[in-house]
Every structure is written in C-alpha cells, then in structure tokens.
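S.K.: Sharing a structure here in structure tokens format.
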Amino acid sequence: MNKTLIGAALAAAIVAAPAAAQTTYRVGDSFPTGHYIAENTIKPFMAEVEKRSNGQAKFEYFPAQQLGKAKDLMSLALSGVADIAYVAPSFVSDKLPLSVVAELPEPFGGSCQGTRAYWKLVKEGGLLDEVELKPAGLKVLFTVVLDPYQLFVTKGHEISGLASFAGKKVRTSGGAKELALRKIGAVPVQIPTPEVREAAARGTIDGYLFPASSIMPYDIAPHTSFATTGENFGSFVVQFVMSRKKWESLPADLRKIMDEVGEEVVEGGCKNAEETTRVDTAKIEAAGVKFVKLPQADHDKVVSLMSEVGKEWAADLDKRGRKGTEVLQAFQKGLAAHQ
C-alpha cells in the first residue's frame, strides 16, 4: 500500500513539474510559398540552426501571412505569438522610421553593397540596433537589402532619357520612393503589388518601380516595353527579427549559433538576390523588354536628385528628435566601404 502511495505521489510530482524549456520556435512571414527570398534566407537559417544545435532548436514555419498580416508581424513577435518574424521597416515606418534608411535611393549598385552597409548598422551593437531596434524591443537575426529598384514603363511608352519620365503615372509603394518619383517629374500612384499587372494591362498606369526580380513572379513582362538599368530609385529591406525578451531567454550556446548562421545568411542572401536579378533580367529581355542606360548627363542628374531625397528624409527625422542625419551618414559611409 505504501509503495502504491509513493508511486502516486511521484506521478503527481511529475505532472506538476514545470515544462521543459521551449525548443520549437514559431516563425512567420508574408512571402508566398516558394518565394526566392524565403527559400534563400529563413529556410536555410532554420535548417542550419537546427543542424548545428543538434536538434536543440526546431522550427514551425508559417509562410504567406498564416500567423498574421505583414504589417502586424512585428507586434506578433513582441507579443510572443511569433518567436521569429519577418519585419520590413517600410511596413512599420511609424515604429522604425530610421530603419528604412537602406530603402533610400542612395548610389549603391547591388544587393550586397547595400546589405553589408546596412547589416553593420542593425547587427548587435550597431548604430540602428542601439538607437532604434533595442528600444523597440527587437533583435535582428539577419537582413537583406534588395537590388536597386528600376523604372519600368508599359507598352506604348519608351525611355530615352530623363525627360521620358515627365508626367508618367508610375506605381510605387509610397514613402521615399514617392518622393523620388516626384523629383524626376513623374506622378506617383500607390497600388498593391498583386494589382500592378492588371493596372499595366489596362493602361491605368504608365510604369512602375520594381526590382527586376519581381517582374517574372508577377508576370508583368508581357505588359512592359522599356526599363532603366544602372539607376537606384530606392530599394527594399527584408529582415527577420526576434523580440529582445525571447532572445535573452535563449541559452547562450543557441544565441551564438543563431548569430553565426545569421552572418552567413546575410552574405548568402544578398548574393542570391543579385544572381536572381541577373537571371531574371535575361528572362525579361527575352520577353521583349528593352533595358536602357540613361545618357551620362541624365544619370548624373538622377543621382543628384536622388541625393536630395535622403537629405530631406534625414532633415525631417532630425526635426522630430531622431538621428536621421547621423544614420544616413553612417549608411553612406558603409556603402563607400563596400563599394
């Protein structure tokens, strides 16, 4: 009888004991299944962390906004609904206004130059990490800055120089890119990405700012005639984050593994972005789109006009008590170092 009582007591103690530390982490993003960004960033990150941790860390992946809308993923990470989440600063610019600096039309020629300069700012101990991300409760695991956006025009329009953009209704995602379009005399039109193809086909827009890597996935090439090359009308920042609270709760060895893998994903992700642009540009050309390099004088004018976008962006943030100029100059310094 005593043995029975002892056994029952042990069983009750086991049931009442605290659960083991969490080893499965919920990851959420908004990319559709098979999207090249997810395939070459978060998926290899999860696989490599699980491998190096000998299964200490496992992941449950929720793509395509299964955990929530893109604009809500930051809040979901901070609340613990997601352990790791895709956060694009432009989606939450009211909360991370300084972190959109890499989306400004600064003169960088490819994803890796922009990514390396930006990564120095957002990684542990970087300027943006200290002045904006830590105060917001975030830890950036890795980031990728996409290749510079180019200006594509629809059938019936052509690009011969800077004057070609005057009065054109050009789709943009807003923010700094809207200001960039106004600088070259175009008329910004905000349209969700999935609706661009129909708008181009119907002629309700004359063009759109896109990275070359987005043309084929959205099947817009058949409705496109010309595109710029070698310009920078802005870019887009992709980063995956964890809340500081969650990060600090992880075992030290797992944090070390995630930091190491994150560094590798930053480098591999930007190289893949550049390769995707190269491959897709060839496909776009094969579909009949002509890429045009602006005359040197026009190119220089565009660079000058685009530099004004950054200055105005920084000045506005300075007035609001943010370190706009300091962050912009740090990013520019990083670009020069990785040219």
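S.K.: In region 212-221, is there at least one residue being free of Cβ contacts under 8 Å to residues at least 60 places away in the same chain, in contact with a helix residue (DSSP H, G or I) (Cβ under 9 Å, 6 or more places away or on another chain), assigned to a loop (DSSP other than H, G, I, E, B) and hydroxyl-bearing (Ser, Thr, Tyr)? Explain how you work it out, then say what you get.
M.R.: Going residue by residue through region 212-221, those that are free of Cβ contacts under 8 Å to residues at least 60 places away in the same chain are 214, 218-219.
Still in the list and also in contact with a helix residue (DSSP H, G or I) (Cβ under 9 Å, 6 or more places away or on another chain): 214, 218-219.
Still in the running and assigned to a loop (DSSP other than H, G, I, E, B): 218-219.
Right, trim to hydroxyl-bearing (Ser, Thr, Tyr) and you get 218.
Yes, the conditions are met somewhere in region 212-221.
S.K.: Any residue in region 272-294 that is closer than 18 Å to GLY156 by Cβ sitting within a Cβ distance under 8 Å of a residue that is of a type in the set (Gly, Ala, Ser) and part of a helix (DSSP H, G or I)? List the pairs, counting only those 6 or more apart or interchain.
M.R.: Within 8 Å, the pairs are ILE284/ALA212; ILE284/ALA221; ALA287/ALA221; GLY288/ALA221; VAL289/ALA221.
S.K.: Now a separate question. State all residues of region 165-210 that are acidic (Asp, Glu), more than 25 Å from ALA273 (Cα to Cα) and outside any loop (DSSP other than H, G, I, E, B); if no residue qualifies, say none.
M.R.: GLU198, the sole residue that qualifies.
S.K.: OK, next. For region 54-88: of the residues being more than 15 Å from ARG26 (Cβ to Cβ) and in contact (Cβ under 8 Å) with a residue 40 or more places away in the chain, which is surrounded by the most Cβ atoms within 10 Å (Cβ to Cβ)? Outline the logic, then answer.
M.R.: At the first step, the residues of region 54-88 found to be more than 15 Å from ARG26 (Cβ to Cβ) are 54-56, 69-71, 88.
Those still in the list that are in contact (Cβ under 8 Å) with a residue 40 or more places away in the chain too: 56, 70, 88.
Numbers: GLN56: 15, ALA70: 17, ALA88: 22.
Of everything passing the filter in region 54-88, ALA88 is surrounded by the most Cβ atoms within 10 Å (Cβ to Cβ).
S.K.: Another question, then. Are any of the residues in region 103-115 modelled with pLDDT of 95 or more, surrounded by 23 or more Cβ atoms within 10 Å (Cβ to Cβ), among the aliphatic types (A, V, I, L, M) and in the same structural domain as LYS245 (by TED's automatic domain parsing)?
M.R.: Within region 103-115, not a single residue is modelled with pLDDT of 95 or more, surrounded by 23 or more Cβ atoms within 10 Å (Cβ to Cβ), among the aliphatic types (A, V, I, L, M) and in the same structural domain as LYS245 (by TED's automatic domain parsing).
Conditions (1) modelled with pLDDT under 95; (2) assigned by TED's automatic domain parsing to the domain that holds ASN40; (3) within 20 Å of VAL122 (Cα to Cα), marked per residue:
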| position | (1), (2), (3) |
| --- | --- |
| PHE240 | no, yes, yes |
| LYS246 | no, yes, yes |
| SER249 | no, yes, no |
| VAL265 | no, yes, yes |
| VAL289 | no, no, no |
| LEU294 | no, no, no |
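S.K.: In addition: Which of the residues that make up region 103-127 are assigned to a loop (DSSP other than H, G, I, E, B) and closer than 20 Å to ALA180 by Cα?
M.R.: Those that are assigned to a loop (DSSP other than H, G, I, E, B) and closer than 20 Å to ALA180 by Cα: LEU104, PRO105, GLU106, PRO107, PHE108, GLY109, GLY110.
S.K.: Name the one entry in VAL241, VAL261, VAL265, VAL187 that is of a type in the set (Val, Ile, Thr) and in contact with a Ser or Thr (Cβ under 7 Å, 6 or more places away or on another chain).
M.R.: Just a single option satisfies the conditions, and that option is VAL265.
S.K.: Cβ contacts < 8 Å: first residue touching a residue at least 24 places away in the same chain (Cβ under 8 Å), restricted to region 310-328; second residue assigned to a helix (DSSP H, G or I) and of a type in the set (Lys, Arg), any location; separation 6+ or different chain. Result?
M.R.: Pairs that qualify, where the first residue is touching a residue at least 24 places away in the same chain (Cβ under 8 Å) and the partner is assigned to a helix (DSSP H, G or I) and of a type in the set (Lys, Arg), are LEU328/LYS311.
S.K.: Could you check, for region 227-242, whether at least one of its residues is within 27 Å of ILE84 (Cα to Cα), small (Gly, Ala, Ser) and in a helix (DSSP H, G or I)?
M.R.: Taking every residue of region 227-242 in turn, none turns out to be within 27 Å of ILE84 (Cα to Cα), small (Gly, Ala, Ser) and in a helix (DSSP H, G or I).
S.K.: Which residue pairs have Cβ atoms closer than 6 Å, lie 6 or more positions apart in sequence or on different chains, and pair a first residue in region 147-171 that is over 30 Å from CYS112 (Cβ atoms) with a second residue that is of a type in the set (Phe, Trp, Tyr)?
M.R.: As it stands, the answer is GLU158/PHE226, since those pairs meet every condition given.
S.K.: Here is a further query. Quick test for you: out of VAL27, VAL100, pick the one residue that is of a type in the set (Val, Ile, Thr), closer than 17 Å to GLY262 by Cα and either within 15 Å of the chain's Cα centre (by Cα) or not assigned by TED's automatic domain parsing to the domain that holds VAL309 (or both).
M.R.: Only one candidate passes the filter, namely VAL27.
S.K.: Here is a further query. Here are some residues: VAL100, VAL144. Which one is outside any loop (DSSP other than H, G, I, E, B) and surrounded by fewer than 24 Cβ atoms within 10 Å (Cβ to Cβ)?
M.R.: Of VAL100, VAL144, the one residue that is outside any loop (DSSP other than H, G, I, E, B) and surrounded by fewer than 24 Cβ atoms within 10 Å (Cβ to Cβ) is VAL100.
The values are calculated or read from the model by the stated rules, or taken from the named source; none is laboratory data. Everything numeric in this text was worked out from a predicted model, so none of it was measured. FYI the Cβ positions are ideal-geometry reconstructions off the backbone, even for glycines, and counts take in every protein chain you see.
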